[in-house]
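A.B. asks: Here it is, the structure in full.
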Amino acid sequence: MAYICLVLSGAALLINGLTLLGRVPGRDSGVFNVLIGGVQLVLCTAVAVTAEGSLSVLLSIAGTFLFGLTYLYVGLDALAGLGSTGLGWFCGLVAAIAVVFAVTNVTADPVLAVLWATWAGLWTLFFLLLALGRDIGRYTAWALVLASQTTTTVPALLGLAGRWPAGPAWTAGAALVAVLVFVGAALLSRRGGRRALPAAAQSPVVAPTAAA
């Protein structure tokens, strides 16, 4: 279930990044986010109901619950025009919890720890963009596009194939990818100069996040 949700998150991150860049209409993105978030929450709820109170199982789906709620919130925001400030503060909370997950996985699964740290960075960007109104829309968009497949889809496909990345080499590779995501986003966002984002993409309500 976790790997399937990771694949779904990769799709959501990509679509939201493209929406921020003005390549996908906001309403299309909103419907997509509602579907992705809804499916993730249903899957997590099914696991939680059958967990019989197992704390380890509940902990394993806690992060997916947070990401599913983010996508659902983004979709409802886009479709109903609710406003994005609350979403931004929620993303700040998710970022903080992601840091905790990163720290707790350092020993057990270093690669997953690096992924959580990367997602914490993404959700921090959402917080800065949506809650604090920082002018980082283009940078956030490229970070989403670059992270969407490298930190979610690829690891998920490896996991589904029974080859979840592990070991020092994979950990170093994951850390390098994380650095390249944020450095690459900075370089790509500068290529557009100071050109403003399309009007539809400037509104975090129709173009926001995303997660994992």
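The values are calculated or read from the model by the stated rules, or taken from the named source; none is laboratory data. This one's a predicted model, so the numbers in the text were calculated from it and none came from an experiment. Note that each Cβ is placed from the backbone with ideal geometry, even for glycine, and that neighbours are counted across all protein chains shown. Ligands, DNA and RNA are excluded from the accessible area calculation, which covers all protein heavy atoms including side chains. Shrake-Rupley method; radii C 1.70, N 1.55, O 1.52, S 1.80 Å.
A.B. asks: Probe of 1.4 angstrom, ligands and nucleic acids ignored: what's the accessible area per residue over the chain, in square angstrom?
C.D. replies: Working: 9820 Å² over 212 residues.
Heavy-atom accessible area per residue stands at 46 Å².
A.B. asks: Okay, moving on. At most 12 other Cβ atoms within 10 Å and a DSSP loop assignment: could you name the trypsin sites (Lys or Arg not before Pro) in the stretch 93-201 that fit?
C.D. replies: Details: sites: Arg134, Arg138, Arg163, Arg190, Arg191, Arg194, Arg195; in loops: Arg134, Arg163, Arg194, Arg195.
Answer by residue number: Arg163, Arg194, Arg195.
A.B. asks: Here's another thing I want to ask about it. In nm, to one decimal, how far is the Ala96 label point from the Leu82 one, both placed 7 Å along Cα→Cβ?
C.D. replies: 2.0 nm
A.B. asks: Sticking with this structure for a sec: Sort the stretch 43-155 into rounded, prolate or oblate with this rule: let a ≥ b ≥ c be the square roots of the eigenvalues of the Cα gyration tensor; rounded if a/c is under 1.5, and if a/c is not under 1.5, prolate when a/b is larger than b/c, oblate otherwise. Please report the intermediate quantities before stating the final value.
C.D. replies: On the way: a/c = 2.00, a/b = 1.35, b/c = 1.48.
In terms of gyration-tensor shape, oblate.
A.B. asks: Cα gyration tensor of the stretch 1-48, axes a ≥ b ≥ c as square roots of the eigenvalues: rounded (a/c below 1.5), prolate (a/b > b/c) or oblate? Numbers along the way, then the final one.
C.D. replies: Values: a/c = 4.76, a/b = 2.11, b/c = 2.26.
Oblate.
A.B. asks: While we're here: Tell me, what is the FRET efficiency for Val57 and Trp170 to the nearest 0.05, using R0 = 22 angstrom and their Cβ-Cβ distance as r?
C.D. replies: On the way: r = 25 Å, r/R0 = 1.14.
Here the calculated transfer efficiency is 0.30.
A.B. asks: Roughly speaking, to the nearest percent, how much of the chain's 1.4 Å accessible area is carbon and sulfur?
C.D. replies: 70 percent
A.B. asks: Within the set of other residues whose C-beta is less than 14 Å from the C-beta of Phe182, count the net charge using Lys and Arg as +1 and Asp and Glu as -1.
C.D. replies: Working: positive: Arg138, Arg190; negative: none.
Overall, the nearby charge balance is +2.
A.B. asks: I would also like to ask the following. Show me the ranking of peptides 177-185, 143-151, 87-95 by mean Cβ neighbours inside 10 Å, starting with the highest.
C.D. replies: Values: 177-185: 17.1, 143-151: 24.2, 87-95: 20.8.
Highest mean packing first, the order is 143-151, 87-95, 177-185.
A.B. asks: Note down the relative contact order for the chain as a percent, whole number, built from C-alpha pairs under 8 angstrom at least six residues apart. Please report the intermediate quantities before stating the final value.
C.D. replies: Working: 348 pairs, mean separation 77.6, N = 212.
Reported relative contact order: 37 percent.
A.B. asks: What percent does the relative contact order of the stretch 18-89 come to when contacts are Cα pairs within less than 8 Å and at least six residues apart? Numbers along the way, then the final one.
C.D. replies: Working: 64 pairs, mean separation 29.5, N = 72.
Relative contact order of the stretch 18-89: 41 percent.
A.B. asks: Hey, another quick one. Can you grab the distance from the C-alpha centre of the stretch 38-114 to the C-alpha centre of the stretch 148-171, Å, no decimals?
C.D. replies: Rounded to whole Å, the Cα centres lie 19 Å apart.
A.B. asks: Is the shape of the chain rounded, prolate or oblate, going by the alpha carbon gyration tensor and its root eigenvalues a ≥ b ≥ c, with a/c under 1.5 for rounded and a/b larger than b/c for prolate? Please list the in-between numbers first.
C.D. replies: Numbers: a/c = 1.86, a/b = 1.29, b/c = 1.45.
Judged from the Cα gyration tensor, the chain comes out oblate (a/c at least 1.5, b/c at or above a/b).
A.B. asks: How far, in nm, would the chain grow between Thr50 and Ile136 when pulled straight, counting 0.36 nm per residue and subtracting the alpha carbon separation? Provide the component values of the computation, followed by the final result.
C.D. replies: Values: separation 86, 0.36 × 86 = 30.96 nm, distance 4.16 nm.
Computed gain between Thr50 and Ile136 is 26.8 nm.
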